[in-house]
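Each remark here refers to the structure printed beneath this line.
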Amino acid sequence: MYGRYTQDLGTFAKDEAARLRLQQGHGEGGTPQPRRPSELLEYTQGRCVRCRVCALQCQRFLISKVGEDWVFLILLGLVMALVSWAMDFAIATCLQAQKWMYGGLDTNVLLQYLAWVTYPTVLITFSAGFTQILAPQAVGSGIPEMKTILRGVVLKEYLTLKTFVAKVIGLTCALGSGMPLGKEGPFVHIASMCAALLSRFLSLFGGIYENEARNIEMLAAACAVGVGCCFAAPIGGVLFSIEVTSTFFAVRNYWRGFFAATFSAFIFRVLAVWNKDEETITALFKTRFRLDFPFDLQELPAFAVIGIASGFGGALFVYLNRKIVQFMRRQKTINRFLMKKRLLFPALVTLLISTLTFPPGFGQFMAGQLTQKDTLVTLFDNQTWAKQGLSDEFEYLGILEAWRHPRSNVFVTLIVFILMKFWMSALATTIPVPCGAFMPVFVIGAAFGRLVGESMAAWFPDGIHTDSNIYRIVPGGYAVVGAAALSGAVTHTVSTAVIVFELTGQISHILPVMIAVILANAVAQSLQPSLYDSIIRIKKLPYLPELGWGHHEKYNVRVEDIMVRDIRYVTLNCKYRDLQHVLHSTKMKNLPLVESAESMILLGSIERAQVGALLSHQLSP
């Protein structure tokens, strides 16, 4: 049987070879024969069919690979890292240009002032105008809207290409102006828009990205990428995005967030090394606190005080921010005037803040010439600036010189900085430009921590004695604790502790940071909603917030206790007179449609305007 099988195979192979030779235009002896037109057409059609089959198989293979999550997440991380790096480069260039203009006019104070004030005013005005014209949805942080979208609410135009362009350009100009504004909130929005646009693009390859549930999962991962590539803090970014945007978090999205955020943070730091900004991949604000004895247990009460004070400070910041917005909206005259002159309010606010930070003027008492990044670098410095409050005992070098003033000590400078930046940041975040509040609050918290640290160093100039060993107090550690505590109090998150560890590259102060952040959250949550929930209330977004402390008895309230019972409705068999009576007796925008007055089974609802239009069309106006 085996021999017969091989014989059949051999015969088949010979016949197939002969058939192929004939197809290719060879005779039976193998000599080339001219093809007839009909044979040529059949041959061409056969090849076309085979090419189509191959192309279809390749397309299916590509779709199966492109449709996988890891490809999408790599693309998202890569795009966001490039966007973050490009924006940082543009912002640094803008800030450097302002310094160059200010430094080049050092012979004339008036010209210096004009350059210092005009530059940020022009940038902020351009940012406000550009955003207003292209996409007004790009104004503000973006996290409140993302919280609402992740709850399943559809907000029109919030995740479009137009909004993406407006957000990126507007945010670059706003941060390049040097105003006390942040980039963390807007980056969450930018990453979410990136994910939505990528989903639409990849839906060309397959229908898997048209699934709404899958898109929500990818948006949750994008929120983590936004924080991850902003601070090069992937772990803190994932935890922060979960705390801020989600009430219920699907664990299956956990790896997506970590994978995309880690890849994005890695590429972001690699680009910094490639551009010669850094020698190697390192933390953004590298600290060098001692590791053998970072703090004494007797310092823990001071860290606890920072946490409690930050809780009150965070609640006050949220309250002040909300009151400024409400004041602007309730004053009808001011509101009407600003609606007509939309660019006037941002220009006036920028003019005020830049005037107060002018270095030869009042800015000399609050280190006005330092950018936010330089301010953080100096505040995290591990040297003690003043012993017993005397600024002469410390040699201020480089950018630290900004904190020195011949007629006042470092404590006065820090107090003035904290008080001025506090209301300035609360006011600046109400400007209609793409901006966040995390970084300004972070800097204010670091300054407050530094103030407490310097005070401790002044009270205990030789450090706290423990077992005959003397360890001097490190004020920079207090600054780290203060930054985490105040930013955690404003946003109602604990993950700011992890973000701080990743930003500084040290975990030595983990215990004081956690104590301060938890205490700050406990105080702030009992007094005010988070900044994002406060903005949700101001904008009246369709989002059900969590009940705060002291309101837990409201969990027992039922729907029947608050619902309206006497409501007008339309039945399926109602007449014109009934419809007219309903329209005249109520001003509701939507009318419920029921099966009959007896059964009262709800079938749906119809808009009042549609009923009016149908009546006009069917009968007469």
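The values are calculated or read from the model by the stated rules, or taken from the named source; none is laboratory data. Because the structure is a prediction, the values reported are computed rather than measured. Don't worry about glycine lacking a Cβ; one is built from the backbone with ideal geometry, like all the others, and counts go over all protein chains shown. Heads up: the accessible areas ignore ligands, DNA and RNA and are worked out on the full protein's heavy atoms, side chains in. Shrake-Rupley method; radii C 1.70, N 1.55, O 1.52, S 1.80 Å.
Observations on the structure shown:
Here's the yes/no breakdown for (1) modelled with pLDDT under 80; (2) not β-branched (Val, Ile, Thr):
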position	(1), (2)
Glu553	yes, yes
Thr571	no, no
Lys587	no, yes
Leu591	no, yes
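- Residues satisfying the stated conditions in the range 70-93, i.e. touching a residue at least 24 places away in the same chain (Cβ under 8 Å) and surrounded by fewer than 19 Cβ atoms within 10 Å (Cβ to Cβ): Trp70, Ile74, Leu75, Leu78, Leu82, Phe89, Ala90, Thr93
- Here is the figure for the range 402-429: residues that are among the basic types (Lys, Arg) and in contact with a Leu (Cβ under 6 Å, 6 or more places away or on another chain) total 0.
- The range 161-173 residues that are under 22 Å from Ala92 (Cβ atoms), paired with ones that are charged (D, E, K, R) (beta carbon under 8 Å, 6 or more apart): Leu171/Lys183
- Residues within the range 99-116 that are within 19 Å of Thr350 (Cα to Cα) and either among the aromatic types (Phe, Trp, Tyr) or outside the structural domain of Gly178 (by the TED database) (or both), tallied: 3
- Checked against (1) in contact (Cβ under 8 Å) with a residue 24 or more places away in the chain; (2) open to solvent by 10 Å² or more (accessible area, probe 1.4 Å); (3) among the charged types (D, E, K, R), Glu454 passes all but condition (2).
- When Ala522 is tested against the conditions (1) in contact with a strand residue (DSSP E or B) (Cβ under 9 Å, 6 or more places away or on another chain); (2) assigned by the TED database to the domain that holds Pro301, the lone failure is (1).
- Taken over the range 589-621, residues that are part of a loop (DSSP other than H, G, I, E, B) and open to solvent by 70 Å² or more (accessible area, probe 1.4 Å) amount to 8.
- Which listed residue is buried (at least 18 other Cβ atoms within 10 Å of the Cβ), over 30 Å from Leu105 (Cα atoms) and at pLDDT 80 or above, from Arg330, Arg322: Arg322
- Of all residues in the range 246-264, exactly one satisfies the criterion of being in contact with a Phe, Trp or Tyr (Cβ under 9 Å, 6 or more places away or on another chain) and open to solvent by less than 10 Å² (accessible area, probe 1.4 Å), namely Ala260.
- Applying a threshold of 9 Å to beta carbon distances and a minimum spacing of six or more residues, or different chains, the list of pairs starting in the range 562-573 at a residue that is part of a loop (DSSP other than H, G, I, E, B) and ending at one that is open to solvent by 100 Å² or more (accessible area, probe 1.4 Å) reads Arg568/His581; Tyr569/Leu602.
- Looking only at the range 269-285, and only at residues there that are crowded, with 16+ Cβ neighbours inside 10 Å, within 30 Å of Gln383 (Cα to Cα) and at pLDDT 75 or above, the one that is nearest to the chain's Cα centre (by Cα): Arg269
- Candidate set: the range 286-318, residues that are aromatic (Phe, Trp, Tyr) and open to solvent by less than 20 Å² (accessible area, probe 1.4 Å); chosen: the one modelled with the highest pLDDT: Phe317
- Residue check, Gly140 at positive phi, touching a Ser or Thr at 6+ places or on another chain (Cβ under 9 Å) and buried (at least 18 other Cβ atoms within 10 Å of the Cβ): yes
- The range 326-367, subset in contact (Cβ under 8 Å) with a residue 24 or more places away in the chain and among the small types (Gly, Ala, Ser), residue farthest from Val443 (Cα to Cα): Ala347
- Those helices (runs of 4 or more DSSP H) lying entirely in the range 485-557 with at least 3 residues without any contact (Cβ under 8 Å) to a residue 60 or more places away in the chain: 510-527
- Residues satisfying the stated conditions in the range 406-453, i.e. among the polar types (S, T, N, Q) and either within 22 Å of Met328 (Cα to Cα) or out of contact with any helix residue (DSSP H, G or I) (no Cβ under 8 Å at 6 or more places or on another chain) (or both): Ser425, Thr429, Thr430
- Any hit, the range 207-229, residues being farther than 30 Å from Met101 by Cβ and in a loop (DSSP other than H, G, I, E, B): yes
- Per the conditions (1) in contact with a Lys or Arg (Cβ under 7 Å, 6 or more places away or on another chain); (2) modelled with pLDDT under 80; (3) of a type outside the set (D, E, K, R); (4) within 30 Å of Ile431 (Cα to Cα), the sole criterion not satisfied by Ile208 is (4).
- Among residues of the range 475-522, those that are open to solvent by 10 Å² or more (accessible area, probe 1.4 Å) and of a type in the set (Gly, Ala, Ser), counted: 3
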